Amino acid sequence: MNKFKQAAIAVLQESGEALHYREITKRALQSGLLETDGRTPEASMNAQISTEIKLEGNNSTFVKIATATFSLNPNPPSDDKPSINAGFKENSEKVGSGFIGKAGE
């Protein structure tokens, strides 16, 4: 699991309320949950949370409450629900490339 995601989950569980991504990052850094040499950890935190919401939708660990403000999903995904990418690896291995000619032939 991504270190930003792990830190965000821990901070939001501890706070029990929705927080702005900057506050999530600040608390994660102060508590030692997140260590980074990056120059913009706030932007990375926002990107990680937003990307998960975009990719996973209702199955995301997070929900967007307001602009740049996030909370933990009150209806977290259960283990029996496949994620949007669940079959990707399995199906990608089945797709073979038997074609060896040039495009258009």
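The values are calculated or read from the model by the stated rules, or taken from the named source; none is laboratory data. Keep in mind that this is a model prediction, so the values were computed, not measured. Glycine gets a Cβ as well: all are built from the backbone with ideal geometry, and neighbour counts include every protein chain shown.
Brief remarks on what is shown
- Residue within the stretch 79-92 that is modelled with pLDDT under 95 and surrounded by 13 or more Cβ atoms within 10 Å (Cβ to Cβ) present: yes
- Across the stretch 36-49, the qualifying residues are those that are under 16 Å from the mean Cα position of the chain (by Cα) and free of Cβ contacts under 8 Å to residues at least 12 places away in the same chain, and the one among them that is nearest to F62 (Cα to Cα) is A47.
- Restricting attention to the stretch 46-61, the residues that are in contact with a helix residue (DSSP H, G or I) (Cβ under 7 Å, 6 or more places away or on another chain) and more than 20 Å from R27 (Cβ to Cβ) add up to 1.
- Scoring K54 on the criteria (1) part of a helix (DSSP H, G or I); (2) at pLDDT below 95; (3) of a type outside the set (A, V, I, L, M) leaves a single failure, condition (2).
- The residue list L19, L29, L12, L33 contains one member that is surrounded by 15 or more Cβ atoms within 10 Å (Cβ to Cβ) and in contact (Cβ under 8 Å) with a residue 60 or more places away in the chain, which is L12.
- Being in a helix (DSSP H, G or I), modelled with pLDDT of 95 or more and more than 13 Å from F62 (Cβ to Cβ) is true of A28.
- Residue in the stretch 49-75 that is surrounded by the fewest Cβ atoms within 10 Å (Cβ to Cβ), counting only those that are more than 14 Å from E17 (Cβ to Cβ) and touching an Asp or Glu at 6+ places or on another chain (Cβ under 8 Å): T61
- In the stretch 37-48, the residues that are more than 13 Å from K3 (Cβ to Cβ) and surrounded by 17 or more Cβ atoms within 10 Å (Cβ to Cβ): E42, N46
- Every residue from the stretch 23-36 that is among the acidic types (D, E) and within 16 Å of N2 (Cβ to Cβ): E35
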